[in-house]
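What follows is calculated from the coordinates using simple rules that are stated; it is not laboratory data. Please read all numbers here as calculations on a predicted model, not as lab measurements. Cβ sites come from the backbone with ideal geometry, for glycine too, and all protein chains shown count toward neighbours.
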Amino acid sequence: MKGKFISLEGGEGSGKTTAIHFIQKWLESHNIPYLMTREPGGTPLSEEIRQLILTPREETVNDVTELLLVFAARAQHLSEKIQPALEKGIWVISDRFLDSSYVYQGKARGGDFAMLDQLATWVVGDNKPDATLLLDISVELGQERVVQRQHQDRLDKESLSFHQKVRDGFLERANADPERIKIVDASLSLEAVQKQIEEQLLQLNNAWSGDV
Ligand SMILES: Nc1ncnc2c1ncn2[C@@H]1O[C@H](COP(=O)(O)OP(=O)(O)OP(=O)(O)O)[C@@H](O)[C@H]1O
Ligand SMILES: [Mg+2]
């Protein structure tokens, strides 16, 4: 049986990376083989493209350039890492995936959704995540949680209104696709967030164990 593909989404400081470590422990305790990965990135070439996207630079980065770089990294990530793992029955957990493109390059940058749909069809096709956990948190609290960070990338440095569009964009996507995208209240304590994630994982695993 194919592995399951789960993505973690949410704005800066919403707790995606923290959640991934918790999910890793949960998968281990259930003896489920897994692979953790992230976007943009996930393979050596895709990680090089990630650096191109996130490095702060003098030159203005054209929105279409950013969009195409993200999808170029994703094409490589899917064909070289995600799909081979799923075929072997390995679960893949990705820190960000396609929804981030719709939210950052689409909603927050005012990108062309028709172009995004075309790229999504071309690059991702039917290989969408089986489930997505959206860590939802206010922009202010998210920023508070990452304020101690020394290093800020090109997207971290965006304005508050940009980050507000990111939050709204994720919630709109979750409301449009509630079957796949599960909202987690990420403003709560670590323990309470992990409890919600565990409940979601148990429900998903139960539903999937009925799959043929
Ligand atoms: N529920 C929580 N309560 C309090 N602090 C938390 C909680 N979850 C995560 N944190 C802390 O908030 C900070 C940001 O968390 P994390 O790095 O997991 O977010 P992220 O979504 O991966 O951020 P980024 O988008 O920048 O990668 C970390 O210092 C983490 O320890
Ligand atoms: Mg992170």
| Spin-label model distance (nm) - residue 24 vs residue 140, 7 Å beyond Cα toward Cβ | 3.3
| task | Sort the following peptides by mean Cβ neighbour count (other Cβ atoms within 10 Å, averaged over residues), highest first: 174-180, 97-103, 69-75. | result | 97-103, 69-75, 174-180
| said: Within region 174-193, name every residue whose backbone N is under 15 Å away from a label modeled 7 Å from Cα of residue 148 along the Cβ vector. | reply: 190
| request: Sum up the charges of everything whose Cβ sits under 10 Å from the Cβ of residue 38, counting Lys and Arg as +1 and Asp and Glu as -1, but leave residue 38 out. | output: 0
| request: At a Cα cut-off below 21 Å, give the lysines reachable from residue 165, other chains included and same-chain residues fewer than 8 away excluded. | output: 16, 107, 157, 182
| note | When the charge dipole of region 5-209 is computed with +1 on Lys and Arg Cβ and -1 on Asp and Glu Cβ about the Cα centre, the Cα farthest towards its positive end, among 33, 5, 132, belongs to 33
| message | I need the peptides 114-120, 46-52 ranked by packing, meaning the mean over residues of other C-beta atoms within 10 angstrom, with the highest value on top. | response | 46-52, 114-120
| request: Please quote Rg/Rh for the chain to two decimal places, taking the Kirkwood radius as Rh and restricting both calculations to Cα atoms. | output: 0.94
| said: Antiparallel versus total DSSP beta bridges in the chain: what percent is that, nearest 5? | reply: 0
| query | Taking the alpha-carbon centroid of each part, what is the distance from region 181-212 to region 96-142 in angstrom? | reply | 20
| note | Farthest towards the positive end of the dipole of region 5-209, among 169, 56, 119 and with Cβ unit charges of +1 on Lys and Arg and -1 on Asp and Glu, lies the Cα of 56
